[in-house]
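The values are calculated or read from the model by the stated rules, or taken from the named source; none is laboratory data. Nothing here was measured: the structure is a model prediction, and the numbers come from that model. All Cβ positions, even for glycine, are placed from backbone atoms using ideal geometry, and neighbour counts span all protein chains on display. Only protein heavy atoms, including side chains, enter the accessible area calculation; ligands, DNA and RNA are left aside. Shrake-Rupley method; radii C 1.70, N 1.55, O 1.52, S 1.80 Å.
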Amino acid sequence: MAPEEQRVPTPTAAASSEPPPALKPPLDPSTLTHRQLREGPFWRKIPAYAEVSEAEFLDHKWQAKHSITNIPKLLAALAGLVSEDFIKDAERGFAGAPMSVRVSPYLLSLIDWTRPYEDPLRLQFIPLQSRFRPDHPKLDLDSLHEREDMPVPGLTHRYRDKALFLPLDTCPVYCRFCTRSYAVGIDTEEVAKFQLKVNVERWQRAFDYIRSRPELEDIVISGGDAYQLRAEQITQIGEALLAMPNIRRMRYATKGPAVMPQKILGDDAWVDAITRIVEMGRKLHKEVVIHTHFNHPSEITAITKAAMDRLFERGITVRNQTVLQRGVNDDVATMRLLVKRLSYVNVHPYYIYMHDLVKGVEDLRTTLSTGLTIEKGIRGATAGFNTPLVVVDAPGGGGKRDAHSFEHYDRETGISVFTSPNVHPGVYYYYFDPIDQLPPSGQARWADPAQHQPMIDEAHAAAIASPQH
Ligand code: SF4
């Protein structure tokens with residue numbers, strides 16, 4: 001008799017053409033929704049843009065000129081699209097908001113005005129008074145304490161090897177959730193801003209400081225927004241930083257690709273300036289990239305893809321940072337689609353931030369527990385290098401911490417405790433879930449101001465007694 005292994009049947013010709021049972025069948029292409037990008041003249045649904053041609057809509061100068069910067073004009077553009085009640089709600093919402101108003105026609109056209117209360121883009125840019133929640137009692141305006149770590153106005157040096165340079169304080173749009181609402185945009189009824197205008201003398205002081213610190217290797221150029229820098233200013237900043245022997249990495253931060261991709265398609269001077277600095281950096285063996293900020297899959301259209309393709313052809317790396325927001329992207333399906341769509345247009349999903357404690361946007365914040373669920377739900381959906389890390393920017397200046405790295409997390413009081421050994425060893429930082437998302441027992445404790453400090457003390461004691469890590 002032949003040995004056992006020789007009796008394994010050899011597949012016949014017919015059987016070998018069948019896929020092995022372990023292989024998954026091919027997917028129906030119509031289910032690959034991350035590749036289905038919005039195209040066509042979608043803006044014509046907005047009465048104010050009904051006659052706007054494709055050439056006009058794709059012109060970044062037209063977009064900038066027609067961006068809406070005051071409340072009456074915004075509400076006028078919405079006339080006929082939404083109810084009178086909605087307009088009144090938004091009017092009262094803007095009156096109580098810390099951020100200025102600026103919305104591009106592109107952004108306004110992406111909002112589904114048949115469901116304005118739920119639309120995830122409307123939620124991010126147009127406040128409604130009816131949705132406001134009281135601020136968390138532990139909130140302050142500059143929750144990340146960026147100003148405490150500023151050796152020069154507009155230069156935050158918190159991490160040992162990295163600094164944040166804020167060359168200006170304007171953006172192509174103004175987002176409700178902005179962490180830098182203490183400085184970005186013009187004064188509002190609620191907030192007198194910390195001024196960070198373009199000022200060459202201030203920039204020079206920042207450059208002198210960066211040059212004087214050998215440990216600094218990495219500079220984030222943010223703001224405000226690098227989209228608002230003129231081409232020659234992009235060049236001036238890039239050349240000044242690349243000339244410093246200590247600087248190895250730079251990132252220009254801009255929300256532009258998410259709210260006005262037309263600029264990348266049409267503003268050749270700006271794109272050429274960035275390209276030149278990227279190429280100059282490459283020759284010096286230094287990395288120069290763009291960091292951007294998409295929050296929802298609907299923000300990525302066929303226009304975005306064309307813009308990202310242009311940057312990709314130029315060899316420019318683009319990374320994305322998302323803010324986790326209630327009603328916008330706080331479910332696994334939406335975040336998975338965002339991650340897949342970003343990857344599809346060659347943008348690396350880098351971070352998902354737990355929403356900072358920012359004034360006037362408690363309705364947008366969600367719990368750490370939601371962030372943990374989302375991380376679990378998206379890991380494995382695509383390659384690891386395209387899978388974002390969920391982080392908490394520890395209030396009080398602890399810097400970014402992996403959401404899983406808490407020392408203690410009390411889901412009843414919503415208090416999580418973090419340490420940051422490389423930023424401030426030995427210091428404990430506290431993140432607070434929004435109170436209306438807590439169980440009734442937790443909400444009852446926050447309703448009593450006498451309980452606030454004891455709850456923090458309990459969390460602190462628990463973190464010391466049995467740290468999670
Ligand atoms: S673009 Fe960035 S800096 Fe400007 S308002 Fe939005 S989040 Fe803030």
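Here are a few things to note about the model shown:
- Being touching a strand residue (DSSP E or B) at 6+ places or on another chain (Cβ under 6 Å), modelled with pLDDT of 70 or more and open to solvent by 50 Å² or more (accessible area, probe 1.4 Å) is true of Lys138.
- Count - residues of the stretch 234-247 that are over 24 Å from the mean Cα position of the chain (by Cα) and either at pLDDT below 95 or not β-branched (Val, Ile, Thr) (or both): 9
- With respect to being modelled with pLDDT under 90, within 16 Å of the ligand (Cβ to nearest atom), within 23 Å of the chain's Cα centre (by Cα) and assigned to a helix (DSSP H, G or I), Arg180 falls outside the description.
- Filter result for Leu123 (open to solvent by less than 60 Å² (accessible area, probe 1.4 Å) and free of Cβ contacts under 8 Å to residues at least 40 places away in the same chain): no
- The residues of the stretch 158-171 that are within 16 Å of the ligand (Cβ to nearest atom) and either open to solvent by 10 Å² or more (accessible area, probe 1.4 Å) or at pLDDT 90 or above (or both), listed by number, are Leu164, Phe165, Leu166, Pro167, Leu168, Thr170, Cys171.
- Scanning the stretch 415-463 for residues that are over 30 Å from the mean Cα position of the chain (by Cα) and free of Cβ contacts under 8 Å to residues at least 24 places away in the same chain gives Pro440, Ala444, Ala447, Asp448, Ala450, Gln451, Gln453, Pro454, Asp457, Ala461.
- Hey, Tyr174 at pLDDT 95 or above and within 16 Å of the ligand (Cβ to nearest atom) or not: no
- Selection count where residues are part of a helix (DSSP H, G or I) and of a type in the set (S, T, N, Q), scope the stretch 316-343: 2
- Qualifying residues in the stretch 316-336 (those that are within 16 Å of the ligand (Cβ to nearest atom) and out of contact with any strand residue (DSSP E or B) (no Cβ under 8 Å at 6 or more places or on another chain)) - the one nearest to Ile300 (Cα to Cα): Val328
- The residues in the stretch 203-221 that are open to solvent by less than 20 Å² (accessible area, probe 1.4 Å), more than 20 Å from the chain's Cα centre (by Cα) and under 15 Å from Asp161 (Cβ atoms) can be counted, and the count is 2.
- Some residue of the stretch 89-107 being part of a loop (DSSP other than H, G, I, E, B) and open to solvent by 70 Å² or more (accessible area, probe 1.4 Å): no
- Some residue of the stretch 327-343 being closer than 20 Å to Met250 by Cα and either open to solvent by 10 Å² or more (accessible area, probe 1.4 Å) or at pLDDT 95 or above (or both): no
- The residues of the stretch 59-82 that are open to solvent by 60 Å² or more (accessible area, probe 1.4 Å) and either assigned to a loop (DSSP other than H, G, I, E, B) or within 21 Å of Phe177 (Cβ to Cβ) (or both), listed by number, are Asp59, His66, Thr69, Gly80.
- Test result for Pro41, loosely packed, with under 10 Cβ neighbours inside 10 Å and either modelled with pLDDT of 95 or more or out of contact with any strand residue (DSSP E or B) (no Cβ under 9 Å at 6 or more places or on another chain) (or both): no
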